[in-house]
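The values are calculated or read from the model by the stated rules, or taken from the named source; none is laboratory data. Since the model is a prediction, treat every value here as computed from it, not as a measurement. No Cβ is skipped: glycine too gets one built from the backbone with ideal geometry, and neighbour counts run over all protein chains shown. When the accessible area is computed, the model is the full protein with side chains, heavy atoms only, and any ligands, DNA or RNA have been set aside. Shrake-Rupley method; radii C 1.70, N 1.55, O 1.52, S 1.80 Å.
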Protein chains: 2
Amino acid sequence: MRTRPLKVALLGCGVVGSEVARIMTTHADDLAARIGAPVELAGVAVRRPSKVREGIDPALITTDATALVKRGDIDVVIEVIGGIEPARTLITTAFEHGASVVSANKALLAEDGAALHAAAEQHGRDLYYEAAVAGAIPLVRPLRESLAGDKVNRVLGIVNGTTNFILDKMDTSGAGYSEALDEATALGYAEADPTADVEGFDAAAKAAILAGIAFHTRVRIGDVHREGITEVTAADIASARRMGCTVKLLAICERAADGQSVTARVHPAMIPLSHPLASVREAYNAVFVEAEAAGQLMFYGPGAGGSPTASAVLGDLVAVCRNKLNEATGPGESAYTRLPVSPMGDVVTRYHISLDVADKPGVLAQVATVFAEKGVSIDTVRQQGRNPGSGDEVVIEQGGGGRRVGGEASLVVVTHRASDAALSATVEALRKLDTVRGVASIMRVEGE
Amino acid sequence: MRTRPLKVALLGCGVVGSEVARIMTTHADDLAARIGAPVELAGVAVRRPSKVREGIDPALITTDATALVKRGDIDVVIEVIGGIEPARTLITTAFEHGASVVSANKALLAEDGAALHAAAEQHGRDLYYEAAVAGAIPLVRPLRESLAGDKVNRVLGIVNGTTNFILDKMDTSGAGYSEALDEATALGYAEADPTADVEGFDAAAKAAILAGIAFHTRVRIGDVHREGITEVTAADIASARRMGCTVKLLAICERAADGQSVTARVHPAMIPLSHPLASVREAYNAVFVEAEAAGQLMFYGPGAGGSPTASAVLGDLVAVCRNKLNEATGPGESAYTRLPVSPMGDVVTRYHISLDVADKPGVLAQVATVFAEKGVSIDTVRQQGRNPGSGDEVVIEQGGGGRRVGGEASLVVVTHRASDAALSATVEALRKLDTVRGVASIMRVEGE
């Protein structure tokens, strides 16, 4: 074994960074044996130098991250600051000064991954980022390497723990969104400002990264259609239950049937209770990968948290250090297919639509006519009272007659597969019907 | 991109080999783009050269595998022959003649992995074998690389599809073992001679490989305690159901609590229906990995079959070819901990024991005394009629009185955690009791 240590600079020492530093210290011998050389924490850049950081030599602490990555003797920079700047400049500066980089920064990779990969390649350095997607769950490496000889057609998963906790809580307790969010916040599953999670930005960044790797192309966060969970109601969840489904926030990346384009989207969707993703509870993450030869694979585990994320960072650290000792680099960006990202309108899936309608004869016929005109085929229609728990609902297969319930009625339509564009046109036309008082909810149905 | 192709020799052209060859041809452009150079099938060694092999140039076919690996211009040898010889000699010969090796040979790796790794290292070549464990499910790479910065404490999984199909069939249909095996054979899930699967040899080989990688030590198939499923009865499965459990053939690799040794075992076990492994149906595989920082991860997918196994082989092929172009090698054997493998007697778990007993007062007291004397603590006792479906059973918590049922009684004891040695001593003592007419079954209870 080489005795001269590899030098590591740690940028950021919050929940993840402090855990990385702790494991580097407590498991130094194991890391050295696995790498083939000792690794030494050579500097830790933080914003608040006065904070007591147990187990970290105060002499290593600096507020000057730029000077740290410019030192010239750093072999690997671990970036766990997050956000676009200064992380982006620090990473490119690190490459320029000879370091490889391990990052957990999903926002930056989803925004500017191509430029970062190009900088790494230009300087002959590694850029690894297993921790950017789904915490400790190995996904980036299996997609980049294990499935490198296969053709991935679809990636579908729960990649945000906060929203899964909230939806799971709504599903199991019948709570509304706000109540479930409050509980998630109280238990530390949601941040004080939960926007990035509940509006789907975090999941969209991960979807962009996964789609790019899976399809060997470039997908940026701006290419990902994004809907959060803030409009999911207790009624939606109850309605899903009646269909034998549950509601999950899914990230879905698909290769088009003709193979000539891809789509990436994040939105709440109903999935059947029999689907393995339906049983992913609390803040866990799970990702399904469908590949041509491998078939359906699933990866499951804790998607966030200091320790799991640190595990992913350290796995990358070992790989990058081994590469360094080998004077080699691992796989870089693979974007040779240059497949375009199609707009959401091209996505084909099934839909669950709840309409508030006037309680008059002929409403169902009017509604069904609109669907037919827009080319969206109806699977089932359910007509029910306004109170979802009233039990007076009747399921009407297509072609059956309507039935009035109480003074005002609600129609729940589940469609066959149709394009999002056709569905949008249908909904627009429905809104114009006098008998349709409102579109209560539209939710996609996936995983069937 | 390099234009001179990397040359690949394929040893074996059965279900897996022919699929590898097919994908290498149909997806040649993708493989070239991902590797950075084209790959060319330079020769295919088979036993029956006269067989028509669609899509493979007959000029590539040879029966002389030794001459093929000795050619000197082969970059990568793919070994999908299986078995110990001639595979072992062909692999070491390949290393000697400058080739790296991708193998799907679990039996050989579990028997002689250390020697193969040493040969690879001596010649500066790669030995990759993702396909040897659980088909297309990425497990070897995540354990060797993604979790290289973490400390794995436990690997627990369903790694044999044939036995999972049989047990699933017994569970869902109430069929007996023979009937379920017949169905598995008819559907192609079991081979004509099912010994390797049903007696647990296949799972034991995978357990040895997984334990070695997970704990950075050497575990051979002979170190793995092995029990198959041939003695699992419909009564065992019904009894599991009554406990809210199902029966699975599990491969379990554990680090001892003191960290100074490991154990590896394959045996049928009851697991709670709420455990994710309980819902792994038919011939699917799934593996739980518990690591110190990452927490619980699960990997799920098809564990066998030509296409899934080919996917794993080709993923390794891409990695090995990239390494070759980089003039580097990937991770080799990591066995630095040299942890000893403890005997089965040291394993600590829970047990479910069915006893046929005389229907006399005081039997429960006698039985309970034996457990107490051997230091095995009882969790629950259930006394029931001989017919498991009779419904006249009574659950008696420890300390409760006995109750007679019919002319002959059956006692079902579930223990708290105890060592296998203590349990064996208990069973031996129970057999000596006049009132115990037989030990109908002993099954471990896992996953709680």
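Just to be sure I understand: of the beta bridges DSSP finds with both ends in the protein assembly as shown, what percent are antiparallel, rounded to 5? List each step's numbers first, then the result.
Values: 115 of 161 bridges.
Bridges in the protein assembly as shown that DSSP calls antiparallel: roughly 70 percent.
So, with a 1.4 angstrom probe, what is the percent of accessible area on the protein assembly as shown that is carbon and sulfur?
On the way: 16170 of 33940 Å².
Heavy-atom surface of the protein assembly as shown belonging to carbon and sulfur, 1.4 Å probe: 48 percent.
Just tell me which lysines come within less than 26 Å, Cα to Cα, of A:Lys70; anything on the same chain fewer than 8 places away is out.
Cross-link targets: A:Lys7, A:Lys51, A:Lys106, A:Lys324.
So which aspartates and glutamates can A:Lys151 reach, going by Cα to Cα under 20 Å and dropping same-chain residues fewer than 8 places off?
Of all the aspartates and glutamates, those that pass the test against A:Lys151 - Cα under 20 Å, at least 8 places apart if same chain - are A:Glu254, A:Asp258, A:Glu290, A:Glu292, A:Glu333, B:Glu19, B:Asp29, B:Asp30, B:Glu40, B:Glu130, B:Asp316.
Solvent-accessible area per residue for the protein assembly as shown at a 1.4 Å probe radius, Å²?
Details: 33940 Å² over 896 residues.
Normalised by residue count, the accessible surface of the protein assembly as shown is 38 Å².
What is the residue of chain A with the smallest Cβ distance to the axis taking A onto B, and what is that distance in whole Å?
It is A:Ala328, 2, counting Cβ atoms only.
Normalise the Cα radius of gyration of region A:154-252 by 2.2 N^0.38 Å (N = residues in it) and let me know the number. Each step should come with its number before you reach the end.
Working: Rg = 14.1 Å, N = 99, 2.2 N^0.38 = 12.6 Å.
Ratio of Rg to 2.2 N^0.38 Å for region A:154-252: 1.12.
To one decimal in nm, how far is B:Glu408 from the same spot in the other copies, if labels go 7 Å from Cα toward Cβ? Please give the shortest first.
In ascending order, 7.0 nm.
How far is helix A:306-325 tilted, in degrees, relative to the longest principal axis of the Cα atoms in chain A, given as a value from 0 to 90 rounded to the nearest 10?
So the helix axis and the longest Cα principal axis differ by about 50 degrees.
What shape does the protein assembly as shown have by the C-alpha gyration tensor, where a ≥ b ≥ c are the square roots of the eigenvalues, rounded means a/c under 1.5, and otherwise prolate means a/b greater than b/c and oblate the rest? Don't skip to the end; give the middle numbers.
Details: a/c = 1.38, a/b = 1.00, b/c = 1.37.
Cα axes put the protein assembly as shown in the rounded bin.
Which residue, A:Ile252, A:Ile221, A:Ile35, tops the fluctuation ranking in a GNM of chain A built on C-alpha contacts under 10 Å?
It is A:Ile35.
In debye, nearest 20, what is the charge dipole magnitude of region B:305-386 about its Cα centre with +1 on Lys and Arg Cβ and -1 on Asp and Glu Cβ, if you could check? If you can, show how the numbers build up before the last one.
Values: 8 positive and 8 negative charges, 25 e Å.
Using Cβ point charges on Lys, Arg, Asp and Glu, region B:305-386 gives about 120 debye.
Given the options A:Glu282, A:Glu292, A:Glu79, state which has the largest fluctuation in a GNM of chain A using a 10 Å cut-off (strictly under) for Cα springs.
Top of the fluctuation ranking is A:Glu292.
For chain B, what does the helix formula give at 222 nm: sum of -39500 (n - 2.57) over DSSP H segments with n ≥ 4, over the residue count, nearest 500 deg cm²/dmol?
Numbers: 13 runs with 147 residues, N = 448.
Counting only the DSSP helices, I get -10000 deg cm²/dmol.
Nm distances between the label at B:Ser419 and the same-position labels in the remaining copies, 7 Å along Cα→Cβ, shortest first?
7.0
Counting partner chain Cβ atoms within 10 Å of every residue's Cβ in A:29-38, what's the average? Please list the in-between numbers first.
Values: counts 1, 8, 2, 1, 5, 8, 3, 3, 0, 0.
The mean count of partner-chain Cβ atoms within 10 Å per residue comes to 3.
Over region A:210-292, how many percent of alpha carbon pairs lie in each 10 Å bin up to the one with the longest distance?
15, 42, 32, 10
With no solvent and one point on each alpha carbon, what is the Debye value of log10 I(q)/I(0) for region A:27-74 at q = 0.16, 0.24, 0.30 Å⁻¹?
Each listed q corresponds, in turn, to -0.56, -0.92, -1.04.
Mind running the shape call on region B:95-209? Use the C-alpha gyration tensor, a ≥ b ≥ c as the square roots of the eigenvalues: rounded below 1.5 for a/c, prolate if a/b tops b/c, oblate otherwise. Write out the running numbers ahead of the final one.
Values: a/c = 3.11, a/b = 1.93, b/c = 1.61.
Taking the square roots of the gyration eigenvalues as a ≥ b ≥ c, region B:95-209 is prolate.
In peptide B:314-322, how many Cβ atoms from other protein chains are near each Cβ within 10 Å, on average?
Rounded to a whole number, the mean comes out at 5.
Suppose every K and R has +1 on its Cβ and every D and E has -1 on its Cβ; what is the size of the dipole of region B:111-208 about the Cα centre, in Debye to the nearest 20? Working shown, then result.
Details: 7 positive and 17 negative charges, 114 e Å.
Roughly 540 debye for region B:111-208.
Which whole number gives the average, over all residues in A:285-291, of C-beta atoms from other chains lying within 10 Å of the residue C-beta? Don't jump to the answer; show the numbers that get you there.
Numbers: counts 0, 3, 0, 2, 3, 0, 6.
Mean shielding count: 2.
Which of the trypsin sites (Lys or Arg not before Pro) found in region A:13-61 are loop residues per DSSP with 14 or fewer other Cβ atoms within 10 Å of their Cβ? Provide the component values of the computation, followed by the final result.
Details: sites: A:Arg22, A:Arg34, A:Arg47, A:Lys51, A:Arg53; in loops: A:Arg47, A:Lys51, A:Arg53.
Loop-located and lightly packed - A:Arg47, A:Lys51.
Would you mind classifying region A:1-126 by shape? Square roots of the alpha carbon gyration tensor eigenvalues, ordered a ≥ b ≥ c; an a/c under 1.5 is rounded, otherwise it is prolate if a/b is larger than b/c and oblate if not. Could the numbers behind the result be given before it?
Details: a/c = 1.70, a/b = 1.19, b/c = 1.43.
Oblate, since a/c reaches 1.5 and b/c is not below a/b.
About the Cα centre, and with charges only on the beta carbon of Lys, Arg (+1) and Asp, Glu (-1), how big is the dipole of region A:149-301? Nearest 20 debye, please. Don't jump to the answer; show the numbers that get you there.
On the way: 13 positive and 20 negative charges, 105 e Å.
The calculation lands at about 500 debye.
How tilted is helix B:420-432 with respect to the longest principal axis of chain B? Cα atoms for both, answer in degrees (0 to 90, nearest 10).
40
Can you pull a Stokes-Einstein diffusion coefficient for chain A at 20 °C (1.002 mPa s), Rh from Kirkwood over Cα pairs, as a whole number of µm²/s? Write down the numbers at each step before the final one.
Working: Rh = 23.6 Å.
Rounded to a whole number, D works out at 91 µm²/s.
At B:Asp29, label 7 Å along Cα→Cβ: distances to the other copies, nm, ascending?
5.4
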